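Here's the structure we're looking at; comments come further down.
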């Protein structure tokens, strides 16, 4: 069994995730009988707080994208 965690730069997410897919996932997924599961975890901290409109948009997008869990916490 393989497991791994990697931090991805939000400003370069397409490039970084593409590299992970090509350099790791593709090799594992090509093995006979392989079952590869990928989970994405997002954490965002905004010192000034998240505007209500952004909260609504992100929550709706998470529902549309079928996130298994999501939410905002007040700090």
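All of the numbers you see were taken from the coordinates with simple rules; none came from a lab. As the structure is a computational prediction, the values presented were derived from the model and not from experiment.
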| query | Hey, what angle do you get for helix 52-64 against the long axis of the chain, alpha-carbon based, 0 to 90 degrees rounded to 10? | reply | 30
| said: Of the candidates 58, 46, 25, which one comes out as most mobile in a Gaussian network treatment of the chain with C-alpha springs shorter than 10 Å? | reply: 46
| request: From the C-alpha gyration tensor of segment 1-41, pull out the three semi-axes of the equivalent ellipsoid (sqrt of 5λ each), sorted largest to smallest, in whole Å. | output: 21, 11, 7
| note | Per the Kirkwood formula over distinct C-alpha pairs, the hydrodynamic radius of the chain in angstrom is 15.1
